Amino acid sequence: FQSFRVGVELFLWLLFMVALVPVQMTFEGRNWDILTGLSAPLVVWLWVRKPQWQRPLVLFWNLAGLALLVNIVGISILSMPTAFQVFTNAPSNTFVASFPFVWLPSFLVPLALLGHCLSLRQWALQGKTARSFIAEGA
């Protein structure tokens, strides 16, 4: 599911190439969110092939993906022309306020966050089920 982030990051890079997005919001700058999308198929493959790695792998990958998502959201906010602006290089992050780019902060970022939250919820419920199964002496 999280592989869609590869397309988003490539799109951001293309927008940078035409001077609509600041460099820090791309993988050439400070945005390494593409790693989540690129690693998603590998994580699924390891999840299937290495059952003993399932729980720690899913936890680590989701936490790392959340950290990368928080990173780019923070960079985006700090690149906007506001009182909080830290990255002052041109162009400022204003493209996200116009259509169709508004879908990025209003839909795609929450979708990525929801994917991680649901995965971590399932991870927690599976751990709870396993503990109760062991506690019952099965």
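Results, tabulated for the structure shown:
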read-out: Phi to ³J(HN,Hα) by Karplus 6.51 cos²θ - 1.76 cosθ + 1.60 over the range 85-99, Hz, x for Gly, Pro; value: 4, 10, 8, 9, 5, 7, x, 6, 7, 10, 4, 6, 8, 10, 6
read-out: Accessible area in square angstrom per residue, the chain, 1.4 angstrom probe; value: 62 Å²
read-out: Radius ratio Rg over Rh of the range 41-134, counting only Cα atoms, Kirkwood formula for Rh; value: 1.15
read-out: Dmax and Rg, reported as Rg then Dmax, of the range 10-63 (C-alpha, Å); value: 15.2, 46
read-out: The range 45-69-the range 78-112 distance, computed between alpha-carbon centres (Å); value: 29 Å
read-out: Cβ-Cβ FRET estimate between Ala83 and Leu104, R0 fixed at 30 Å, reported to 0.05; value: 0.85
read-out: For Val109, solvent-accessible area (1.4 Å; no DNA, RNA or ligand), Å²; value: 40 Å²
read-out: Principal-axis tilt of helix 54-78 within the chain, Cα atoms, nearest 10 degrees; value: 20 degrees
read-out: Acute angle (nearest 10 degrees) that the helix 4-17 long axis makes with the longest principal axis of the chain, alpha-carbon atoms; value: 20 degrees
read-out: Accessible-area composition of the chain, carbon plus sulfur, in percent [1.4 Å probe]; value: 74 percent
read-out: Cα-based helix-to-principal-axis angle, 109-135 vs the chain, degrees rounded to 10; value: 10 degrees
read-out: Electrostatic dipole magnitude of the chain [Cβ: Lys, Arg +1; Asp, Glu -1; Cα centre; debye, to 20]; value: 480 debye
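The values are calculated or read from the model by the stated rules, or taken from the named source; none is laboratory data. If you're wondering where the values come from, they're calculated on a predicted model, not measured in any experiment. No Cβ is skipped: glycine too gets one built from the backbone with ideal geometry, and neighbour counts run over all protein chains shown. In case anyone asks, the SASA skips ligands and DNA or RNA and just uses the protein heavy atoms, side chains included. Shrake-Rupley method; radii C 1.70, N 1.55, O 1.52, S 1.80 Å.
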